[in-house]
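The values are calculated or read from the model by the stated rules, or taken from the named source; none is laboratory data. If you're wondering where the values come from, they're calculated on a predicted model, not measured in any experiment. Neighbour counts run over all protein chains shown; Cβ positions are idealised from the backbone, glycine included. Calculation scope for accessible area: heavy atoms of the full protein, side chains included, ligands and nucleic acids excluded. Shrake-Rupley method; radii C 1.70, N 1.55, O 1.52, S 1.80 Å.
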Amino acid sequence: MRVVLLGPPGAGKGTQAERICAAWGLPHVSTGDMLRAAIASGSALGKEVRETMDRGHLVPDELIGRIVEERLSQSDAAKGFLLDGFPRTPVQVEILERVLGARGRRLDRVVMLELPMETAIARLLLGRRDAAGKSRSDDNEMTIRERMKVYENETRPIAELYQQRRLLAKVDATGTIDEVFSRIARTLNGAEA
Ligand code: AMP
């Protein structure tokens with residue numbers, strides 16, 4: 001199964017992505033995680049994207065397209081994958097279609113998590129912490145508001161594109177992690193049938 005998970009910052013994408021991947025045995029392809037790993041490793045790519053990420057802006061479509069194309073060509077992605085945080089712009093939708101089309105593949109489902117913006121901001125400000133108790137460097141209020149704006153302006157429009165392709169499933173992301181996961185599971189079970 002080939003799935004895209006979309007949603008504003010604070011919707012719980014990362015958490016739900018891990019649950020979906022565990023339940024369906026899919027590799028979790030998170031462009032945000034890949035970029036953070038590049039920064040942590042001190043690579044040239046990391047140096048190139050760090051400032052953009054810290055400001056809450058998107059890195060260039062062409063650059064992220066190359067990273068995803070490379071990742072999806074690895075053998076573990078041959079039978080399926082969950083894309084978390086990509087595509088984020090209409091141009092990235094086209095890049096993904098081209099990459100999949102070249103291999104004779106297409107997406108099965110695009111899940112869009114939805115929740116009121118103020119709920120998402122409150123969740124983020126409450127503090128997203130990693131296992132070491134550190135928060136993300138882009139989780140401060142100014143950057144959070146900027147990321148929300150970027151989501152509304154650049155990412156939300158791609159819902160329309162996936163609606164036209166009859167791939168879009170909107171899922172209410174309020175409530176507990178279990179509640180949201182069971183809503184997602186219902187729509188993915190429908191996609192498999
Ligand atoms: P995320 O962990 O998905 O919230 O991504 C964190 C940051 O990484 C974003 O705010 C962007 O700066 C960058 N990023 C991640 N995925 C993409 C993407 N598909 N296109 C452009 N920038 C991205």
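Quickly estimate the mean residue ellipticity at 222 nm for the chain, helices only: each DSSP H run with n ≥ 4 gives -39500 (n - 2.57), and the total goes over all residues, rounded to 500. Can you show the working numbers first?
Values: 9 runs with 102 residues, N = 193.
So the helix-based figure for the chain works out to -16000 deg cm²/dmol.
For the chain, set up a Gaussian network in which alpha carbons nearer than 10 Å are linked by springs, and say which option among 109, 166, 147 fluctuates the most.
Residue with maximal mean-square fluctuation among 109, 166, 147: 166.
Any chance you could check the Cα centroid distance between the stretch 1-50 and the stretch 156-190 for me, in angstrom?
Result: 18 Å between the Cα centres.
Rg and Dmax of the stretch 2-126, using alpha carbons, in Å: what are they?
Cα only, the stretch 2-126: 14.7, 43 Å (Rg, Dmax).
Mind listing the phi-derived Karplus ³J(HN,Hα) values for the stretch 69-84, rounded to whole Hz, using 6.51, -1.76 and 1.60 with θ = phi - 60°, and x for any glycine or proline?
4, 5, 5, 6, 7, 6, 5, 5, 8, 5, 8, x, 6, 10, 8, 10
Report the calculated FRET efficiency for residue 182 and residue 48 (r = Cβ-Cβ distance, R0 = 35 Å), to the nearest 0.05.
Details: r = 40 Å, r/R0 = 1.14.
Here the calculated transfer efficiency is 0.30.
Would you mind classifying the stretch 40-193 by shape? Square roots of the alpha carbon gyration tensor eigenvalues, ordered a ≥ b ≥ c; an a/c under 1.5 is rounded, otherwise it is prolate if a/b is larger than b/c and oblate if not.
Working: a/c = 1.61, a/b = 1.13, b/c = 1.42.
Oblate shape, in that a/c is at least 1.5 and b/c is the bigger or equal ratio.
Work out the length of the dipole vector of the stretch 28-160 about its Cα centre, built from +1 on the beta-carbon of each Lys and Arg and -1 on the beta-carbon of each Asp and Glu, and round it to the nearest 20 debye.
Numbers: 22 positive and 23 negative charges, 66 e Å.
Charge dipole, the stretch 28-160, about its Cα centre: 320 debye, nearest 20.
On the protein heavy atoms, probe 1.4 angstrom, tell me the percent of accessible surface of the stretch 35-111 carried by carbon and sulfur. Before the final figure, lay out each step's value.
Numbers: 2020 of 3950 Å².
Looking at the stretch 35-111 in its full context, I get 51 percent from C and S.
Looking only at the stretch 39-59, which residues have a backbone nitrogen under 20 Å from a spot 7 Å from the Cα of residue 145 in the C-beta direction?
52-58, by backbone N distance to the label point.
Among 4-17, 86-99, 61-74, what's the highest-first ranking by average C-beta atoms within 10 angstrom per residue?
Numbers: 4-17: 22.6, 86-99: 18.7, 61-74: 16.4.
In decreasing order of mean packing, 4-17, 86-99, 61-74 become 4-17, 86-99, 61-74.
Once the dipole of the chain is set up with Lys and Arg at +1 and Asp and Glu at -1 on Cβ about the Cα centre, which of 40, 185, 164 lies farthest towards its positive end?
Farthest along the dipole direction, towards plus: 185.
Residue by residue through the stretch 3-12, which ³J(HN,Hα) values in whole Hz follow from phi under the Karplus form 6.51 cos²θ - 1.76 cosθ + 1.60 (θ = phi - 60°), with glycine and proline marked x?
So the Karplus estimates, Gly and Pro as x, are 10, 10, 10, 10, x, x, x, x, 7, x Hz.
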